[in-house]
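The values are calculated or read from the model by the stated rules, or taken from the named source; none is laboratory data. No experiment lies behind these values; they were computed from the predicted model shown. Cβ placement follows ideal geometry from the backbone for every residue including glycine, while neighbour counts extend to all protein chains displayed.
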Amino acid sequence: MDDQLNLFNRLQELRQQIRYHDYQYYVLNNPVISDYEYDQLFAELKQIEIEHPEWITPDSPTQRVAGVASDKFVKVFHPKPILSLSNAFDNQGVLDWFERIKRINNQVANADFVVEPKIDGLTVVLHYRNGVLVQGATRGDGIVGEDVTTNLKTIKAIPLNIPLANSNLQPPSYVVVRGEVFIPLKEFEKLNRKLEEEGEKVYLNPRNTASGSLRQLDPSITASRPLTLLTYDIVQIEEERPSTQLEMLNLLNAWGFPVVESIHCPDIASVLKTYQVYLEKRDQLPYEADGAVIKLNDLNLLDQLGVVGKDPRGMLAYKFPAREVTTKLLDIGVNVGRTGVLTPYAILAPVEIGGVIVKQATLHNFDFIREKDIRIGDRVIVKRAGDVIPYIIGPILDARDGDEVVYQPPKNCPACGQKVEHFEGEVAWYCVNAACPAQLVRNLEHFASRSAMDIVGMGIKLVEQFVEAGLIKDAADLYSLKKEDLLNLEGFADKKAENIINAIQQSKRQTLPRFIIALGIRGVGEVAANDLANHFGSLDKLMNASQDELMSIEGIGPNIAQAIVDWFQTPRNRELLSKLKKNGVWPIQEQSTFSEQFPLVFQGDTFVVTGTLEKFSRDEVKDFIEKRGGKVTDSVSKNTTYLVVGSNPGSKLDKARSLNIPILNEEELIKMAKG
């Protein structure tokens with residue numbers, strides 16, 4: 001018995017030692033033992049766990065490298081939106097941002113800042129419960145990411161258990177940490193040299209390599225790549241959140257996380273100087289960085305400023321100048337957009353820009369080609385900044401040899417052959433053929449896309465197949481499709497046809513903002529669609545709105561207002577809306593669908609939600625409960641007041657029953673909200 005106890009104690013001791021040495025090596029870059037000594041400790045731990053598999057825990061260092069491949073990544077909802085950043089490209093842009101947020105809150109005038117390098121990597125979101133890593137996900141679209149926990153566990157810079165560095169700290173009961181996974185530049189060079197020696201294809205840039213490595217279905221492949229991590233944000237914590245960005249970074253560091261370097265700036269002038277420091281040492285940084293992130297140090301003030309679109313007002317990315325190259329313009333192609341606008345693009349002799357091989361670049365519009373006198377055969381300057389699409393700056397006139405050809409805009413649409421129209425005073429050239437296949441396919445692709453009606457499984461290939469088969473002439477025809485229609489198409493069996501039909505019918509429950517986005521009105525994106533839905537509440541009212549009424553909405557200018565009016569006054573579009581309404585696709589904005597007269601009816605109650613709800617998304621039901629004073633948590637415990645259950649509930653339902661926790665469906669939840 002004593003021998004077993006001694007062996008178990010040795011196991012615990014080995015785990016603690018290995019965690020300490022991982023921290024010294026991967027976080028502090030300061031190893032205190034040799035690789036051989038480390039390997040001996042690891043081998044001893046592994047042998048004990050082989051002899052006693054019942055002692056293996058998820059946070060053991062031996063559990064980092066898993067060899068079981070997954071056939072898919074599960075989608076996971078983030079506890080809060082994982083926001084992006086708005087950009088500035090010069091000092092004036094930063095000063096303009098500073099003035100904007102000062103007008104919103106005059107406390108900004110005396111605020112201090114933190115400036116951090118903007119790492120060009122892959123954002124990850126790490127969940128810890130009682131100090132143990134329980135889930136890791138990619139950022140995805142900011143609302144929903146992919147569960148890559150098994151792969152993240154292979155990255156030794158990510159603690160499996162916190163606190164790692166300071167054993168005197170108590171682990172947080174629940175914390176969500178945001179960071180950036182990347183490949184250090186030196187490691188990237190070593191990886192490419194190794195591949196080159198083995199006769200394998202080398203990688204083009206660290207960022208894409210890191211992203212591809214993390215999203216491998218086989219985690220052993222992820223483990224073979226030199227990935228690491230730097231953290232910079234606590235997304236959510238059940239304990240008290242730090243009040244400043246510097247305190248947050250210090251807390252992350254105390255828990256054992258590697259944190260991004262930062263410089264404290266007492267005022268905006270110091271911020272501009274700090275940006276220059278990072279710009280000058282850009283090539284000395286151990287990772288790819290495409291700018292500096294400016295953050296208000298006061299996190300409470302940052303939260304008070306709120307969000308515009310998907311960007312927090314209290315943060316800004318000050319981008320580094322883009323790198324430029326020259327190459328030959330081989331030809332000019334033309335794309336036909338979903339609104340009929342013709343857009344020219346450059347076909348280039350392949351050239352590398354910042355590790356990416358560029359073969360095409362945007363030419364903006366036909367006026368730009370004429371004004372810059374860009375000719376086929378020219379040597380042109382190509383620019384690329386971060387993930388922005390490469391674009392042409394202009395030709396190098398001294399490189400001309402006389403063989404260059406002056407470009408003439410097309411007289412006929414390259415997609416349908418119909419005559420192209422161009423109106424004096426307008427930049428755009430249009431194909432006005434409503435049956436143009438390029439427009440129809442792209443219109444339908446946009447309508448079904450994730451940001452619009454989100455018809456699962458319906459990508460551009462499927463849209464093309466439906467159009468070519470003559471099954472759909474517009475978006476409304478989707479809702480008249482029958483399973484029998486699809487079974488005659490190549491690649492369709494009973495199950496696939498049924499899934500697509502179900503997905504189309506499911507999209508009828510989409511929200512009004514998503515429906516407005518799906519219509520494809522020029523200039524109306526996510527933010528404008530939300531504003532329109534909140535203001536008008538229904539499509540019936542929006543359809544008949546005047547330009548003046550539209551312009552009364554903050555953020556809707558004269559051009560967008562006119563585009564909205566024109567879209568709804570077009571007979572073909574009215575016909576489309578009539579067909580959609582007839583087919584049951586006519587959402588209403590549920591601003592006040594449920595009475596707000598009982599705002600604190602759930603005061604003191606704790607809810608857990610499981611399964612798929614019909615009337616709410618996960619974010620919507622959380623918002624619905626919290627507005628009425630309730631709290632929503634992830635796991636069922638004796639402190640849970642109610643479990644809200646939808647279709648296909650998970651194990652939470654069994655646990656709630658075992659604890660005798662009241663179970664509600666959606667209707668019961670809504671009735672309770674009404675008192």
Condition set of a type in the set (S, T, N, Q) and part of a loop (DSSP other than H, G, I, E, B), scope the stretch 169-195, selection surrounded by the most Cβ atoms within 10 Å (Cβ to Cβ): answer is Ser173
Pairing a residue in the stretch 548-571 that is among the acidic types (Asp, Glu) with any residue that is surrounded by 13 or more Cβ atoms within 10 Å (Cβ to Cβ) and modelled with pLDDT under 85, where Cβ atoms lie under 9 Å and the two sit 6 or more apart in sequence or on different chains, gives Glu554/Asp531; Asp566/Ile521; Asp566/Arg522
Note on the stretch 272-314: residues out of contact with any helix residue (DSSP H, G or I) (no Cβ under 7 Å at 6 or more places or on another chain), surrounded by 17 or more Cβ atoms within 10 Å (Cβ to Cβ) and not hydroxyl-bearing (Ser, Thr, Tyr) are Asp290, Gly291, Val293, Asp298, Leu302
The number of residues in the stretch 85-107 that are in a helix (DSSP H, G or I) and touching a strand residue (DSSP E or B) at 6+ places or on another chain (Cβ under 7 Å) is 2
Going through the stretch 532-551 in order, the residues found to be within 31 Å of the chain's Cα centre (by Cα) and of a type outside the set (A, V, I, L, M) are Asn534, His535, Phe536, Gly537, Ser538
Lys615 fails exactly one of (1) in contact with a helix residue (DSSP H, G or I) (Cβ under 9 Å, 6 or more places away or on another chain); (2) surrounded by fewer than 14 Cβ atoms within 10 Å (Cβ to Cβ); (3) at pLDDT below 85, namely (2)
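Only one residue in Ile374, Ile389, Ile396 is touching a strand residue (DSSP E or B) at 6+ places or on another chain (Cβ under 8 Å), of a type outside the set (Lys, Arg), surrounded by 15 or more Cβ atoms within 10 Å (Cβ to Cβ) and assigned by TED's automatic domain parsing to the domain that holds Ala349. Which one?
Only one candidate qualifies: Ile374.
Taking the stretch 624-666 as the region of interest, how many residues are charged (D, E, K, R) and touching a strand residue (DSSP E or B) at 6+ places or on another chain (Cβ under 9 Å)?
First, pick out the residues of the stretch 624-666 that are charged (D, E, K, R): 626-628, 631, 634, 638, 652, 654-655, 657, 666.
After this cut, where a residue has to be touching a strand residue (DSSP E or B) at 6+ places or on another chain (Cβ under 9 Å) as well, the list is 626, 631, 634, 652, 655, 657, 666.
Total meeting the criteria: 7.
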By residue number, the members of the stretch 38-75 that are at pLDDT 70 or above, over 29 Å from Leu249 (Cα atoms), outside any loop (DSSP other than H, G, I, E, B) and not aliphatic (A, V, I, L, M) are Gln40, Phe42, Glu44, Lys46, Gln47, Glu49, Glu51, Pro53, Glu54, Trp55
Reported set for the stretch 439-464 where residues are surrounded by 16 or more Cβ atoms within 10 Å (Cβ to Cβ) and either in the same structural domain as Val334 (by TED's automatic domain parsing) or not in a loop (DSSP other than H, G, I, E, B) (or both) is Gln439, Leu440, Val441, Arg442, Asn443, Leu444, Glu445, His446, Phe447, Ala448, Leu462, Val463
Those residues of the stretch 635-675 which are small (Gly, Ala, Ser), more than 17 Å from Glu614 (Cβ to Cβ), surrounded by 10 or more Cβ atoms within 10 Å (Cβ to Cβ) and modelled with pLDDT of 85 or more amount to Ser637, Ala656
Residues of the stretch 491-514 being basic (Lys, Arg) and more than 14 Å from Asp454 (Cβ to Cβ), in sequence order, are Lys495, Lys496
Conditions (1) under 26 Å from Pro79 (Cβ atoms); (2) at pLDDT below 90 -> Phe182 fails only (2)
Taking the stretch 519-559 and keeping only residues that are at pLDDT 85 or above, within 28 Å of Leu440 (Cβ to Cβ) and charged (D, E, K, R), one is left with Asp540
Given (1) under 26 Å from the mean Cα position of the chain (by Cα); (2) modelled with pLDDT of 85 or more, Glu247 misses just (1)
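Return yes or no: is Leu478 under 27 Å from Ala415 (Cα atoms) and touching a Leu at 6+ places or on another chain (Cβ under 9 Å)?
Working: under 27 Å from Ala415 (Cα atoms): yes; touching a Leu at 6+ places or on another chain (Cβ under 9 Å): yes.
Considered against the rule, which asks whether it is under 27 Å from Ala415 (Cα atoms) and touching a Leu at 6+ places or on another chain (Cβ under 9 Å), Leu478 comes out as yes.
Of a type outside the set (Ser, Thr, Tyr), in a loop (DSSP other than H, G, I, E, B) and within 20 Å of Asp566 (Cα to Cα): is that true of Ile517 in this structure?
Details: of a type outside the set (Ser, Thr, Tyr): yes; in a loop (DSSP other than H, G, I, E, B): no; within 20 Å of Asp566 (Cα to Cα): yes.
It is false that Ile517 is of a type outside the set (Ser, Thr, Tyr), in a loop (DSSP other than H, G, I, E, B) and within 20 Å of Asp566 (Cα to Cα).
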Conditions (1) touching a residue at least 40 places away in the same chain (Cβ under 8 Å); (2) within 29 Å of Pro117 (Cα to Cα); (3) of a type in the set (Ser, Thr, Tyr) -> Thr327 fails only (2)
When Val621 is run through (1) closer than 14 Å to Leu664 by Cα; (2) touching a Ser or Thr at 6+ places or on another chain (Cβ under 8 Å); (3) of a type outside the set (Gly, Ala, Ser), the failure sits at (2)
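Quick test for you: out of Gln304, Gln236, Gln276, Gln284, pick the one residue that is within 28 Å of Gln170 (Cα to Cα) and of a type in the set (S, T, N, Q). Reasoning before the result, please.
Numbers: Gln304 fails: within 28 Å of Gln170 (Cα to Cα); Gln276 fails: within 28 Å of Gln170 (Cα to Cα); Gln284 fails: within 28 Å of Gln170 (Cα to Cα).
Among Gln304, Gln236, Gln276, Gln284, only Gln236 is within 28 Å of Gln170 (Cα to Cα) and of a type in the set (S, T, N, Q).
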Residue hits (the stretch 662-675; closer than 18 Å to Lys622 by Cβ, touching a residue at least 24 places away in the same chain (Cβ under 8 Å) and either outside any helix (DSSP H, G or I) or not aliphatic (A, V, I, L, M) (or both)) are Glu666
By residue number, the members of the stretch 97-116 that are buried (at least 18 other Cβ atoms within 10 Å of the Cβ) and in contact with a helix residue (DSSP H, G or I) (Cβ under 6 Å, 6 or more places away or on another chain) are Phe98, Ile101, Val108, Phe113, Val114, Val115
